[in-house]
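> One structure is given below, represented as structure tokens, and several questions about it will come after.
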Amino acid sequence: RFVPLWSAGLAWNINKEKFYHASWVPYLKARLTYGFNGNVDNSISAYTILSYQGNDYYTNATNAVIHTPPNPFLKWERVKIINAGIDFGTKNEIFTGTIDAYIKDGLDLIGDALIDPTAGNTSNAYTYSYRCNTASTSGKGIDIELHTKNINKIFQWNTTLLFSYNSFK
């Protein structure tokens, strides 16, 4: 099935604006992106999948076992992402970094769902389940990356600090 997966982004070089006069931060950029990524699980199908087991000893009728029940509503997994960020740098790039905040929502995620055992599909004797679009997630977080040039002579010493926080439901 056709699934429109896309993303779009904007960036604004604030430091190039006429109103911007902060000489101690000569580089300042704001970013915003929004879009959808996708994933398809090729191990499952919207159609019934069965395998033939041979013929019955007494009736010579062909036997088959259903491995996947039909699921005409099967969809791609999608991930919606909204990201906002700021890039900055001080004079001579002594101190640079990025700050990003994001919201990431998983939609139509594929997982195991219980199926009514009276439906006739007992492919697993202990659990009556099949794989389908059954879950969603919601997450948000922030990433901070800071770089410093501590010594920038013949001997160079740079530092990178990373901080990341996220929460998912």
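The values are calculated or read from the model by the stated rules, or taken from the named source; none is laboratory data. Model, not experiment: these values are computed from the prediction. Quick reminder, even Gly has a Cβ in these numbers, built from the backbone with ideal geometry, and neighbours come from all protein chains shown. Please note that ligands, DNA and RNA were not included when accessible areas were found on the heavy atoms of the full protein model with its side chains. Shrake-Rupley method; radii C 1.70, N 1.55, O 1.52, S 1.80 Å.
> If the requirement is being in a loop (DSSP other than H, G, I, E, B) and surrounded by 13 or more Cβ atoms within 10 Å (Cβ to Cβ), which of these qualifies: ALA30, ALA46?
None of the other options fit; the residue is ALA46.
> Might you check whether a residue that is open to solvent by 80 Å² or more (accessible area, probe 1.4 Å) and among the aliphatic types (A, V, I, L, M) occurs anywhere in the stretch 155-165?
yes
> Being modelled with pLDDT under 95, over 28 Å from SER45 (Cβ atoms) and charged (D, E, K, R) is true for just one of LYS140, LYS153. Which residue is that?
Sole residue among the options that is modelled with pLDDT under 95, over 28 Å from SER45 (Cβ atoms) and charged (D, E, K, R): LYS153.
> How many residues does the stretch 1-27 hold that are open to solvent by less than 50 Å² (accessible area, probe 1.4 Å), in a loop (DSSP other than H, G, I, E, B) and not aromatic (Phe, Trp, Tyr)?
Summing the residues that are open to solvent by less than 50 Å² (accessible area, probe 1.4 Å), in a loop (DSSP other than H, G, I, E, B) and not aromatic (Phe, Trp, Tyr) in the stretch 1-27 gives 3.
> Could we say that SER7 is over 26 Å from SER164 (Cα atoms) and small (Gly, Ala, Ser) here?
No; evaluated as a whole, the condition is false for this residue.
> Can you tell which of ILE103, ILE81 is in contact with a Gly (Cβ under 8 Å, 6 or more places away or on another chain) and open to solvent by 60 Å² or more (accessible area, probe 1.4 Å)?
ILE103
> Continuing with this model, one more query. Give the number of residues within the stretch 85-119 that are farther than 25 Å from ASN166 by Cα and modelled with pLDDT under 95.
Total meeting the criteria: 12.
> Within the stretch 58-73, take every residue that is part of a loop (DSSP other than H, G, I, E, B) and either more than 25 Å from ASN39 (Cα to Cα) or of a type in the set (Gly, Ala, Ser) (or both) and give me the one that is least open to solvent (accessible area, probe 1.4 Å).
Of everything passing the filter in the stretch 58-73, ALA61 is least open to solvent (accessible area, probe 1.4 Å).
> Further question on the same structure: Check TYR130 against each of (1) touching a strand residue (DSSP E or B) at 6+ places or on another chain (Cβ under 9 Å); (2) open to solvent by 90 Å² or more (accessible area, probe 1.4 Å); (3) at pLDDT below 95 and name the one condition it does not meet.
(2)
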